[in-house]
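*Asks:* Below are the structure tokens for one structure; questions will follow.
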Amino acid sequence: MKETRKNYSKEFKEKAVELANVRENVQEISRELGIGADLIYRWRREMGNDPSLAFGGKGKKQLTEEQKELARLKKELADVKMERDILKKAVSIFSVSDRKSMDS
């Protein structure tokens, strides 16, 4: 049987991280809250990176405008490289077939 994932609110996560920062005994806090200590460590790390972007929801990372632009540019570069490689192969195929027709 498939186990369903528990969803925790942003407020719950923030309070858990706050408790972990104050009391520093993550194992004890995790037992009290009924969650794994690894979750608290991950939530603490997310809050430490950029609290305004932490806990965006649905497993998707929240990105700053610069990060979004960087991701878009990386995708565009990958697409252009793929198009270039396809054109190179096409040129080499046609140049080989042109040589064969000239030799005949």
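The values are calculated or read from the model by the stated rules, or taken from the named source; none is laboratory data. Computed from a predicted structure; not experimentally measured. Reconstructed Cβ throughout: ideal geometry from the backbone, glycine too, with neighbour counts over all protein chains shown. Areas reflect the complete protein model, heavy atoms only, side chains present, ligands, DNA and RNA absent. Shrake-Rupley method; radii C 1.70, N 1.55, O 1.52, S 1.80 Å.
*Asks:* Please identify the pairs in which a residue from segment 8-33 that is touching a residue at least 60 places away in the same chain (Cβ under 8 Å) and charged (D, E, K, R) has its Cβ atom under 6 Å from the Cβ atom of a residue that is assigned to a helix (DSSP H, G or I) and surrounded by fewer than 18 Cβ atoms within 10 Å (Cβ to Cβ), counting only partners at least 6 apart or on another chain.
*Replies:* Matching pairs, first to second residue: none at all.
*Asks:* Within segment 1-26, how many residues are surrounded by 10 or more Cβ atoms within 10 Å (Cβ to Cβ) and part of a helix (DSSP H, G or I)?
*Replies:* Result for segment 1-26: 13.
*Asks:* A further question on this structure: Considering every residue within segment 42-50, establish whether at least one is within 21 Å of E11 (Cβ to Cβ), among the aromatic types (F, W, Y), open to solvent by 60 Å² or more (accessible area, probe 1.4 Å) and modelled with pLDDT of 80 or more.
*Replies:* No, the conditions are met nowhere in segment 42-50.
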